[in-house]
1. I'd like to check something: does the range 237-245 contain any residue that is modelled with pLDDT under 85, in contact with a Ser or Thr (Cβ under 9 Å, 6 or more places away or on another chain) and surrounded by fewer than 22 Cβ atoms within 10 Å (Cβ to Cβ)?
2. Before we move on, is LYS287 closer than 14 Å to THR218 by Cβ, modelled with pLDDT of 65 or more and either in a helix (DSSP H, G or I) or open to solvent by less than 30 Å² (accessible area, probe 1.4 Å) (or both)?
3. For the range 203-213, check the following and say yes or no: at least one residue is surrounded by fewer than 23 Cβ atoms within 10 Å (Cβ to Cβ) and at pLDDT below 85.
4. Within the range 205-264, track down each residue that is assigned to a helix (DSSP H, G or I) and among the aromatic types (Phe, Trp, Tyr).
5. For SER189, which of the numbered conditions (1) at pLDDT below 80; (2) surrounded by fewer than 20 Cβ atoms within 10 Å (Cβ to Cβ); (3) assigned to a helix (DSSP H, G or I) fails to hold?
6. Among the residues of the range 290-341, how many are among the aliphatic types (A, V, I, L, M), open to solvent by 10 Å² or more (accessible area, probe 1.4 Å), at pLDDT below 75 and farther than 30 Å from GLY267 by Cα?
7. Restricted to the range 246-271, and to residues that are under 21 Å from ARG153 (Cβ atoms) and among the hydroxyl-bearing types (Ser, Thr, Tyr), which residue is surrounded by the fewest Cβ atoms within 10 Å (Cβ to Cβ)?
8. Could you list, in sequence order, all residues of the range 48-57 that are closer than 18 Å to HIS71 by Cα and part of a helix (DSSP H, G or I)?
Amino acid sequence: MDSVIDKAFAAALYGDGHEGLDTGASLLAAAPGADPELRRRGEEFLRRAWRDGWQPADVVRLVRRDLDEPHVHLAVSLIRAETAGYAHLPPRWTAQLADLAPAGAAAPRPRDRFSDATVHLELYRLLLRLPRIEPVGPPPGDTVPGPVEGEPRALTRIRALLAKAEATGYPEEAEALTAKAQELMARHSLDEALLAARTHARDTPGACRVGVDAPYETAKAILLDSVAAANRCRAVWNEAYGFSTVVGFPADLEAVELLYTSLLVQGTAAMTKAEAGQRAAGRKRTKTFRQTFLLAYAHRIGARLAEAGEHAVSEAAAQGVAARDSLLPVLAAREVAVGERAERMFPETTTTRVRGATDGEGWTHGTAAADRAHLPPRPEGPALP
């Protein structure tokens, strides 16, 4: 059956037209015995993607953006099967796999074997064309098992505060909860930095990828950039593939992921509410309003988050001269280490020109929502590789 697979792949995967895809799907549809080998080849494509720096969440995000739901279900199924063969998975992979479509979720039933083969080939064409990207961790198979640790108590408290901020219908309460969460994040980061310095731990910057999905991805990337900067991290946006790579120390990376997700939820909810008011008043330019709202929301956030972080540093330094003298050099050294790691990963970056902030009402409402929820970024756009 290998010859059938090879002929189908030669026709479908190495050209751009639909004719080759139809030829390959026809060959596979007529050869039911090739199905096991067809899936095995899909797992091989995934292993190549892991070696080229991709992770499960990255692949599924791209499939969801560029293809359809049957392709997403197939990708999830192949990822689950391929990753089940490893004794140990890299850090963050377990959480990513848990966030994929539920294992028992029913996949859309293909209309016929030809349709099913077409879905396979379209997915494989996408996987085959994935470029090499900067890795943010080891691929599976290179992972050395470490001690299993529970989540730090501080992060559990932070998650609870942010969940309350997202759920409350009172803007003032959301602001207070979000500000408290950022202060706890900053304090947790400072404690981790001092502990690493005192114990001479080999704590080095790492990296993670955070999805930045359409629509209004520029504003979302700016928001993430602001959250990263406020937590002593660096974010580099890859617009083409819908994610930003965040470089920082582990505790800070956790803080960035948690806070960005929560602020995006809060900002989207505030935008929807403000837009409903605009529509009730007879306005129809909802796309322009939304885009400007989110840009203003993002623009108003970094400074307020930075204030919360600086307050935590000041409080720690105020505990005494010894604390101040030990803390500030540690933070300076970590900032240098993060910058050097980011420069090694992305030696060439550029900044984007932000466009689209043309709706005065959207800017006013977005700024007000940021004031209520505690958010904004830097004046320049996010870094791009």
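The values are calculated or read from the model by the stated rules, or taken from the named source; none is laboratory data. All values derive from a computational prediction rather than experimental measurement. Cβ placement follows ideal geometry from the backbone for every residue including glycine, while neighbour counts extend to all protein chains displayed. Remember, those area values only see protein heavy atoms, side chains included, never the ligands or the DNA or RNA. Shrake-Rupley method; radii C 1.70, N 1.55, O 1.52, S 1.80 Å.
1. The first filter runs over the range 237-245 and keeps only residues modelled with pLDDT under 85, leaving none.
Looking for residues that are modelled with pLDDT under 85, in contact with a Ser or Thr (Cβ under 9 Å, 6 or more places away or on another chain) and surrounded by fewer than 22 Cβ atoms within 10 Å (Cβ to Cβ), one finds none in the range 237-245, hence no.
2. On the way: closer than 14 Å to THR218 by Cβ: yes; modelled with pLDDT of 65 or more: yes; either in a helix (DSSP H, G or I) or open to solvent by less than 30 Å² (accessible area, probe 1.4 Å) (or both): yes.
Yes; evaluated as a whole, the condition is true for this residue.
3. Within the range 203-213, one or more residues are surrounded by fewer than 23 Cβ atoms within 10 Å (Cβ to Cβ) and at pLDDT below 85.
4. Within the range 205-264, the subset assigned to a helix (DSSP H, G or I) is 217-230, 239-241, 250-264.
Result: TYR241, TYR260.
5. Every listed condition holds for SER189 apart from (2).
6. Final tally of qualifying residues: 6.
7. Here the residue is THR261.
8. Of everything in the range 48-57, those that are closer than 18 Å to HIS71 by Cα and part of a helix (DSSP H, G or I) turn out to be ALA49, PRO56, ALA57.
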